[in-house]
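Trainee: What follows is a structure written as structure tokens; I'll ask about it next.
The values are calculated or read from the model by the stated rules, or taken from the named source; none is laboratory data. Note that this is a predicted model, so its numbers are computed, not measured. Because the Cβ atoms are built from the backbone with ideal geometry, glycine has one as well, and the counts that use them run over all protein chains shown.
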Ligand SMILES: Nc1ncnc2c1ncn2[C@@H]1O[C@H](COP(=O)(O)OP(=O)(O)OP(=O)(O)O)[C@@H](O)[C@H]1O
Ligand SMILES: [Mg+2]
């Protein structure tokens, strides 16, 4: 089985690569042929690349269908895996139910609350550490001590200290997001060029205005990097929280499907999680482009 | 009315801590820059011109000695002490207009007024039409001109310029030199102008201070009595001019 799988991917990649290099060769060897011509080549290469990816995906799904249909048991137990067709059917059945959308709503809601809090706390802590030596001495030890603890490790304590599971899940999600944001903000603030601060001071800005007009704007690209990393951390922590102690949410949906032996729904849940998580990270990159048109 | 912009430097010593030991760059420097005067400082690379200028602007704490602006010791940067730095220091996240109006707005001018001031100086440095550009969209020389506009728009009492025209082509340099002289005549601000170019110093300034590489000591101070506006050809062709240029270059060597 592995052989066949390797064969398929190999061929797919091989095709993509040969078209790409051929295209490049043509461009390189005939440089004087005008922009329209090379544009056509670029388009052709892009189209070929797209086709290669699509072919690879289709082959993958086909392989999945075949492996599961024929109940292969080779290292992995494929007989327990639902077929792609079954997953698609399950998706069609689930997408019209209220509970599915309620679960998505709850997960998104928790992400928004926890991530919003993480931005406020993380950015403030990062700026404080970067801008004031005293605050750094006060805050940094906590950051350095708590940061290495994975968000999942907080689950038992969170359940114990918060009155409701809702709050404990949000707090775990918050912990998953806050450290990358704080650290990247700190890094950005620390790297502010002295010359820019000097220029602002010579133009009459006081320390407060230097903070808002120089330090924070300079750190924004770095803050958005922290936010993108934090968003990944938030989803990771949210899923852990929802699976262990949740009552709603897409993580709960996935875990419940396992317990109810609705295996196709597990995969629907997984794919939904992947989609939501990449949409939220993508929206941060979109926000970044809107916020910092001056960078890059 | 008493003139403002008097800089009085008394036995100033400046230096940097390097690996624990302190190395003096400028030692026992004393000089008076009269209010409304135009003084050039020339000296070989690394002799401490930028260090001195930054210190006058309030950015370095002297190891010894004092700097007074109109009788008050300079302890902090301050809007009366405008600086055009040797490095690029435009704020990348602000457009040219936003950069230039930053000073006036920090001092409490309304946005409309600050915009008007900014437009005036942007035009003066030949960047009209580039107001909405971000610094990364400008060439190096254009960025330098925007920086000059930003310093001027703040109407400082003293203008400290660190090789401001070094990166410009001859034509732009000549045009900005004459704009600078116009502004100087109009506003009577004190200008301290660091340059590598002896001819530029001779064309612009009333006095030329030559710094030596030996701990920033003043080698020589030349006074130029030639009235403004000066004619470059005549200045450099005249006996006195040629003589002065030779002396300056002799000092630098
Ligand atoms: N931040 C710093 N830390 C340590 N030493 C420095 C620092 N800045 C400057 N120096 C040293 O001080 C001396 C004078 O530097 P400065 O920049 O004032 O020279 P300069 O006269 O402006 O030269 P140039 O004409 O090349 O700009 C140099 O020897 C330099 O190594
Ligand atoms: Mg210098």
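Yes or no, residue by residue, for (1) surrounded by 20 or more Cβ atoms within 10 Å (Cβ to Cβ); (2) within 16 Å of ligand 1 (Cβ to nearest atom):
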site: B:24; (1), (2): no, yes
site: B:36; (1), (2): no, no
site: B:45; (1), (2): no, yes
site: B:68; (1), (2): no, no
site: B:78; (1), (2): no, no
site: B:90; (1), (2): yes, no
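Trainee: Taking residue A:55 as the residue in question, decide whether it is more than 30 Å from residue A:211 (Cα to Cα), modelled with pLDDT of 90 or more and surrounded by 15 or more Cβ atoms within 10 Å (Cβ to Cβ).
Mentor: Taking the combined requirement at face value, the residue satisfies it.
Trainee: Identify all residues within segment A:261-296 that are under 12 Å from residue A:90 (Cβ atoms) and either within 14 Å of another protein chain (Cβ to nearest Cβ) or over 21 Å from the mean Cα position of the chain (by Cα) (or both); write none if there are none.
Mentor: A:262, A:263, A:264, A:265, listed by residue number.
Trainee: Right, here's the next one. Just to be sure, is residue B:83 within 11 Å of ligand 2 (Cβ to nearest atom) and touching a helix residue (DSSP H, G or I) at 6+ places or on another chain (Cβ under 6 Å)?
Mentor: When the stated conditions are applied, residue B:83 does not pass them.
Trainee: Related question: Residue A:253: at pLDDT 90 or above and surrounded by fewer than 17 Cβ atoms within 10 Å (Cβ to Cβ), yes or no?
Mentor: Considered against the rule, which asks whether it is at pLDDT 90 or above and surrounded by fewer than 17 Cβ atoms within 10 Å (Cβ to Cβ), residue A:253 comes out as no.
Trainee: Check A:205, A:240, A:182, A:219 and return the single one that is in the same structural domain as residue A:288 (by TED's automatic domain parsing) and either at pLDDT 95 or above or touching a strand residue (DSSP E or B) at 6+ places or on another chain (Cβ under 7 Å) (or both).
Mentor: Answer to the selection: A:182.
Trainee: Over 15 Å from the mean Cα position of the chain (by Cα), at pLDDT below 85 and more than 16 Å from ligand 2 (Cβ to nearest atom) - does that describe any residue in segment B:207-214?
Mentor: Yes, the conditions are met somewhere in segment B:207-214.
Trainee: Right, here's the next one. Scan segment B:225-244 and give yes if some residue there is buried (at least 18 other Cβ atoms within 10 Å of the Cβ) and within 16 Å of ligand 2 (Cβ to nearest atom), otherwise no.
Mentor: no
Trainee: In segment B:145-165, how many residues are free of Cβ contacts under 8 Å to residues at least 60 places away in the same chain and within 16 Å of ligand 2 (Cβ to nearest atom)?
Mentor: 1
Trainee: Hey, does segment B:85-108 have a residue that's under 30 Å from residue B:14 (Cα atoms) and either away from chain A (no Cβ under 11 Å) or without any contact (Cβ under 8 Å) to a residue 24 or more places away in the chain (or both)?
Mentor: The answer is yes, given that some residue of segment B:85-108 is under 30 Å from residue B:14 (Cα atoms) and either away from chain A (no Cβ under 11 Å) or without any contact (Cβ under 8 Å) to a residue 24 or more places away in the chain (or both).
Trainee: Quick one: in segment B:158-168, of everything that is farther than 23 Å from residue B:79 by Cβ and touching a helix residue (DSSP H, G or I) at 6+ places or on another chain (Cβ under 7 Å), which residue is surrounded by the fewest Cβ atoms within 10 Å (Cβ to Cβ)?
Mentor: Per the criteria, the residue is B:167.
Trainee: Taking segment A:214-233 as the search range and keeping residues that are more than 7 Å from chain B (Cβ to nearest Cβ) and more than 16 Å from the chain's Cα centre (by Cα), which one is surrounded by the most Cβ atoms within 10 Å (Cβ to Cβ)?
Mentor: A:219
Trainee: Run down B:180, B:189, B:127 and say which single residue is closer than 23 Å to residue B:236 by Cβ and crowded, with 20+ Cβ neighbours inside 10 Å.
Mentor: Among B:180, B:189, B:127, only B:180 is closer than 23 Å to residue B:236 by Cβ and crowded, with 20+ Cβ neighbours inside 10 Å.
Trainee: Ok, one more. Whether any residue in segment B:141-156 is crowded, with 22+ Cβ neighbours inside 10 Å, within 16 Å of ligand 1 (Cβ to nearest atom) and in a strand (DSSP E or B) is what I want to check.
Mentor: No, that holds for no residue.
Trainee: Same structure again: Of all residues in segment B:40-69, how many are away from chain A (no Cβ under 14 Å) and either at pLDDT below 90 or within 16 Å of ligand 2 (Cβ to nearest atom) (or both)?
Mentor: Going through segment B:40-69 one residue at a time, the tally reaches 11.
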